[in-house]
Amino acid sequence: MNFGTVTDTPCPPQLVVLGASGRALAESATRAGWSVHAADLFRDLDLEETAQEAVQALRAPTAGRAGYPWSLSAAAADFPPAAPWCYTGALENHPDLIEAISLTRPLAGNPADVVRRLRDPAAVAAVVRDAGLAFPETLATADGVPTDGSWLVKPLAGAGGRGIRRWTPAQPAGEPWHSDAAQPAQVWQRFVSGTPLSAAFCMQSGTARLCGASRQLIGTEWCHAGRFAWCGGVATDLAAMPSACRRQLDRLGAALAEWCRPVGMLGVDLVVDESGRVAVIEVNPRPTASMELFERAGAISVAGEHLAACGLATVAARPRPRPDAMGGVWAKAVLFAPQATPVDAPLLDAIRGTARGWSEADGGWAAVADIPRPEQVIDTGAPVLTLFARGLTAAAALAALRSRADVVDAFLAAARRGLQPAIRRGRACPPAAASDT
């Protein structure tokens with residue numbers, strides 16, 4: 001769909017961002033010159049500070065009002081009616097919702113029919129294998145599936161690795177997740193060992209361009225994440241990527257582009273085995289949480305690339321992030337609550353005050369994101385906030401990230417004991433460019 005050209009006017013163009021968490025895309029779009037209206041499940045403090053308008057969508061239905069995800073549609077109804085919209089994480093599981101909202105406002109992203117194709121494991125497997133890459137054996141039923149732990153059971157409508165578990169006799173099947181029309185709620189997939197990666201493509205006019213890749217953090221203990229939960233990543237240098245791996249990714253992008261002609265930023269979860277063979281795990285047909293690492297490195301504007309590829313010319317065509325003169329490697333981690341954790345103003349003051357030193361060390365980029373609002377209790381296993389760190393190498397960035405996580409963990413533990421944490425400085429605020437440890 002061609003939306004025309006946005007001209008340089010006193011009022012920035014309007015954009016609607018909807019999804020389970022909209023902060024990252026909202027920030028990118030704001031840097032690209034858009035005025036953002038966002039609705040998600042959290043309405044974190046930094047989303048409120050970024051967006052012109054931020055609404056927290058209902059999780060569960062109440063008093064005749066729809067719960068998530070249809071509550072996002074209710075929120076969007078009150079946003080500027082002519083503003084285009086784009087979606088973020090987890091809405092790929094709800095193509096009916098994408099279809100419904102797209103009847104009322106222009107969609108900057110992949111339409112429901114493309115989403116259904118890209119989220120169909122059997123269809124994606126055929127395209128991937130034809131391109132010469134691997135796709136793990138995937139079954140719609142448990143009939144004949146070994147129970148020795150070599151297979152996983154996965155929700156079809158999952159996101160971020162939630163609900164994935166080993167298929168063993170000791171592990172109950174659990175409750176099925178939401179599934180869209182005529183699809184089974186879960187699938188069984190052979191486990192693939194290797195290095196988990198996330199690749200970011202920009203898709204436009206039947207072509208694909210690899211924009212970045214990151215090594216995923218999965219089930220990381222110090223993030224208090226579930227066994228297969230995505231909890232962050234470390235950016236990788238495309239120039240240093242082995243040529244065989246790069247060729248496989250280029251073939252993959254070209255095959256996906258030819259098959260269903262997706263548009264905008266598209267993420268692919270991968271596993272690379274010891275021989276260098278790439279296995280595709282799933283395709284996410286929208287901007288993903290790992291992509292902001294590449295924006296911090298100055299490689300791309302996630303929103304700028306996405307919106308331009310969808311036919312929206314931005315205020316400054318394909319705006320670039322500010323130059324990254326410091327260099328180095330960026331890393332990101334999502335911290336989860338190991339126990340129910342109360343959030344109050346003193347806790348947030350300590351976290352934000354301490355993080356100012358980290359941000360200065362990282363060239364001014366925010367070191368803490370997805371900051372929860374006060375006067376709430378974060379449930380056990382729920383995300384608390386997101387941390388960033390920069391290092392001269394990937395190992396250094398990861399070491400700085402873990403050090404910062406330890407500081408925040410101590411703050412959260414104090415809050416659970418009813419204590420008031422204080423801002424930390426000096427050694428408790430390590431520079432992200434520290435040497436490898």
| note | Of the residues in segment 330-364, those that are part of a loop (DSSP other than H, G, I, E, B) and surrounded by 22 or more Cβ atoms within 10 Å (Cβ to Cβ) number 1
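To keep it simple, each residue is scored yes or no on (1) at pLDDT 90 or above; (2) crowded, with 16+ Cβ neighbours inside 10 Å; (3) closer than 19 Å to residue 265 by Cβ.
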{"residue": "176", "(1), (2), (3)": "no, no, no"}
{"residue": "212", "(1), (2), (3)": "yes, yes, yes"}
{"residue": "217", "(1), (2), (3)": "yes, yes, no"}
{"residue": "224", "(1), (2), (3)": "yes, yes, no"}
| Residue match in segment 97-117 (condition: closer than 20 Å to residue 313 by Cα, out of contact with any Asp or Glu (no Cβ under 9 Å at 6 or more places or on another chain) and among the charged types (D, E, K, R)) | yes
| request: Those residues that are part of a strand (DSSP E or B) and small (Gly, Ala, Ser), I need them from segment 192-235; list them, please. | output: 198, 199, 200, 208, 212, 213, 214, 232, 233, 235
| said: Just the residues that are within 13 Å of residue 32 (Cβ to Cβ) and not charged (D, E, K, R), please, taken from segment 291-308. | reply: 300, 301, 302, 303, 304, 306, 307, 308
| request: Output the residue which, of all residues in segment 121-140 that are part of a loop (DSSP other than H, G, I, E, B) and farther than 16 Å from residue 257 by Cα, is modelled with the lowest pLDDT. | output: 140
| query | Can you name every residue in segment 387-413 that is outside any helix (DSSP H, G or I), surrounded by fewer than 24 Cβ atoms within 10 Å (Cβ to Cβ) and not hydrophobic (A, V, I, L, M, F, W, C)? | reply | 393
| query | When residue 408 is evaluated against the numbered criteria (1) touching a helix residue (DSSP H, G or I) at 6+ places or on another chain (Cβ under 7 Å); (2) among the aliphatic types (A, V, I, L, M); (3) closer than 19 Å to residue 290 by Cα; (4) modelled with pLDDT of 95 or more, which criterion, by number, is the only one it fails? | reply | (3)
| message | If I ask for residues that are assigned to a helix (DSSP H, G or I), touching a residue at least 12 places away in the same chain (Cβ under 8 Å) and under 22 Å from residue 302 (Cα atoms), which ones from segment 236-250 would you list? | response | 238, 246, 249, 250
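The values are calculated or read from the model by the stated rules, or taken from the named source; none is laboratory data. Bear in mind the structure is a predicted one, so any value in this text is a computation, not a measurement. Glycine also receives a Cβ, built like all others from the backbone with ideal geometry; neighbour counts cover every protein chain displayed.
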